[in-house]
Amino acid sequence: MTQLELGTVLNYSDKAVSKWERGEAIPDAYVLLQLSEIFGVSVDYLLKEHVKPPPAVTKINHTSVVLLTVIAVFTLFSVAFLIMHLAGFTYPLIYCYAVIVTFIILTVFSSVWAKRKYNFPAISALVISIIVTLYLIFLSAGYNFWQLLLLIIPAEAIVALCFKVKVSYFFTGERKRKKSDQQ
């Protein structure tokens, strides 16, 4: 509704409505009652000063950030691979390091964005990728230590058990209270 339209409804000029909006004048009680009926608010609402809400915080699209970061990591490692290849040194295992870095970043992102339900799969994949990378490093050196892959089983069991332990027990002082109760 424009100032002119409101002024016409109230039998006032658009200049009077403009002064009301700028706070240079206050309409009388009868006009305030009419305004409250027109806009569907209380007279009290019209008389109180309203603070503008803070600008809306832009919600970050976490999936896009994760995908861009993963692409950036693999692009960086691809550039490193290309530079090494042009220098006459071919090392395809560099992509194994890219996978490790990716899982580290995924773990950090899931912790920072409070989506801890993704921490277990990220850490689990990180452990597996480290062990597989170690195996591939030995394999490229001519040693077939396939037994190294058996470490995945106890390592994953440790990771799973770590996630079963209550975090609050270690960080909230519950442990201290139990020790003092035992003494």
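Among the residues making up region 78-137, those that are closer than 25 Å to residue 150 by Cβ and hydroxyl-bearing (Ser, Thr, Tyr) are 95, 97, 102, 107, 124, 129, 133, 135. Scanning region 138-152 for residues that are within 20 Å of residue 95 (Cβ to Cβ) and not in a loop (DSSP other than H, G, I, E, B) returns 138, 139, 140, 148, 149, 152. Checking 89, 77 one by one, the residue that is outside any helix (DSSP H, G or I), in the same structural domain as residue 137 (by TED's automatic domain parsing) and within 30 Å of residue 139 (Cα to Cα) is 89 and no other.
Restricted to region 28-47, and to residues there that are closer than 16 Å to residue 7 by Cβ and of a type in the set (Val, Ile, Thr), the residue that is surrounded by the fewest Cβ atoms within 10 Å (Cβ to Cβ) is 38. The test for being exposed (fewer than 15 other Cβ atoms within 10 Å of the Cβ) and either in the same structural domain as residue 129 (by TED's automatic domain parsing) or in a loop (DSSP other than H, G, I, E, B) (or both) does not hold for residue 66. Can you confirm whether region 128-137 contains a residue that is under 24 Å from residue 73 (Cβ atoms), in the same structural domain as residue 90 (by TED's automatic domain parsing), in contact (Cβ under 8 Å) with a residue 40 or more places away in the chain and part of a loop (DSSP other than H, G, I, E, B)? Scanning region 128-137 turns up no residue that is under 24 Å from residue 73 (Cβ atoms), in the same structural domain as residue 90 (by TED's automatic domain parsing), in contact (Cβ under 8 Å) with a residue 40 or more places away in the chain and part of a loop (DSSP other than H, G, I, E, B).
Table: residues versus (1) among the polar types (S, T, N, Q); (2) in contact with a helix residue (DSSP H, G or I) (Cβ under 6 Å, 6 or more places away or on another chain); (3) at pLDDT below 90.
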{"position": "12", "(1), (2), (3)": "no, no, yes"}
{"position": "36", "(1), (2), (3)": "yes, yes, yes"}
{"position": "39", "(1), (2), (3)": "no, no, yes"}
{"position": "43", "(1), (2), (3)": "no, yes, yes"}
{"position": "48", "(1), (2), (3)": "no, no, yes"}
{"position": "51", "(1), (2), (3)": "no, no, yes"}
{"position": "54", "(1), (2), (3)": "no, no, yes"}
{"position": "58", "(1), (2), (3)": "yes, no, yes"}
{"position": "61", "(1), (2), (3)": "yes, no, yes"}
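Do we find that residue 120 is over 23 Å from residue 152 (Cβ atoms), touching a helix residue (DSSP H, G or I) at 6+ places or on another chain (Cβ under 7 Å) and surrounded by fewer than 17 Cβ atoms within 10 Å (Cβ to Cβ) in this structure? Criteria not met by residue 120.
The values are calculated or read from the model by the stated rules, or taken from the named source; none is laboratory data. From a predicted model like this one, the values you see are computed outputs, not experimental measurements. A quick note on method: Cβ atoms are made from the backbone with ideal geometry, for glycine too, and the neighbour counts reach across all protein chains shown.
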